1. Please list S166, S74 in order of solvent-accessible area, largest first, computed with a 1.4 Å probe with all protein chains present.
2. State the Cα centre-to-centre distance between the stretch 16-88 and the stretch 99-145 in whole Å.
3. Suppose accessible area is computed on protein heavy atoms with a 1.4 Å probe; arrange D131, D216 from highest to lowest.
4. Work out Dmax and Rg for the stretch 33-96 from the C-alpha atoms and quote the Rg first, both in angstrom.
5. Would you mind checking which residues have amide H under 5 Å from V52's amide H? H placed 1.01 Å from N; only 5 or more apart, or other chain.
6. If you average the sequence gap of Cα pairs under 8 Å that are 6 or more apart and divide by the length of the stretch 207-265, what percent do you get for the contact order?
7. What ratio of Cα Rg to 2.2 N^0.38 Å holds for the stretch 1-41?
8. So for C220, C15, what's the accessible-area order with a 1.4 Å probe, most first?
Amino acid sequence: MLYPKLLNLEVTNRCNGNCVYCGRKGWKIESVDMPFDTVKELIDKFPKSPMVHLTLYGESLLYPYIVDAVEYSSARNKYVWITTNGQLLDESMSKSLLKAGVNKIIVSIDTIDSDLFNTIRRGLDYDTISDNVHRFVDLRNQYGYSTVVIVNMVNTKDYNQDMVASERYWRKVVDGVSVVNEVYCGPIDNLFLSVDKPPVYCPRANEHLTVRANGDVVLCCRDCHVQYSFGNVNDDDPYLIFNSDKFNEIRNRLITGKNRPTLCDNCGVPAMKSVSG
């Protein structure tokens, strides 16, 4: 029986941005928050899972219980982190998250060109976010916290003019910079297709329990349209869902390459590799 190393919990699917490359386009999914009781139940259900990530396709800082969720995870010795666009990471929120015990915070900033940033990440403001990140780092250092701060940059074919300069700038400010290639989510209808492809081993399908805000357990963090839902934690035991025949059948299709989901095509997950090499 498989046991997840990471609980990937979408505490909210609401977002205050409208980024040009976001997989949320074409969504027919109701905007909801995961009840805090559900968050707690999932964390308690998997006491041996060492990591909790409180973000997926929504802006985690919009979740009204985000500080409580971080504190609850930390109190149970989980390595807990959030990914955020940083717009709401003001001084009060920064102090609350640090005090709650957040181990890592990843802020999505693609460029240091404010006009370009505001074009890519529509609805957000570069200057506000930049100030927020600088202040968060200062507060962390001032009060002696060990929270790791990462800037995540998405490399897109249309908006990568100053990627090198932006990466160089942020490496001087935060603890690390990750650069990932844009992941094409594709039309919803195409994502339901299956084809024979080279076999792969993807740790995400075997080690991550990914739960959407409405309780659906999906294949992985790339399943933005919930096309591979294996059950709902509000109706069934999440451990049994994670080890269900339906979930294992998909895992087998990944390993064999036979009738493999097209969801895996063009995936930017660095951990994915060919089982043959």
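The values are calculated or read from the model by the stated rules, or taken from the named source; none is laboratory data. All values derive from a computational prediction rather than experimental measurement. Note: accessible area is taken over every heavy atom of the protein model, side chains too, but ligands, DNA and RNA are not part of it. Shrake-Rupley method; radii C 1.70, N 1.55, O 1.52, S 1.80 Å.
1. Details: S166 0, S74 40 Å².
These residues rank, largest area first, as S74, S166.
2. For the stretch 16-88 versus the stretch 99-145, the Cα centre distance is 18 Å.
3. Numbers: D131 95, D216 30 Å².
Per-residue accessible area, sorted high to low, gives D131, D216.
4. Cα only, the stretch 33-96: 11.6, 33 Å (Rg, Dmax).
5. Residues meeting the amide H criterion: L7, Y79, V80, W81.
6. Numbers: 58 pairs, mean separation 13.4, N = 59.
Worked out over the stretch 207-265, it gives 23 percent.
7. Values: Rg = 13.7 Å, N = 41, 2.2 N^0.38 = 9.0 Å.
Here the Cα radius of gyration is 1.51 times the empirical estimate.
8. Numbers: C220 20, C15 50 Å².
Greatest to least solvent exposure: C15, C220.
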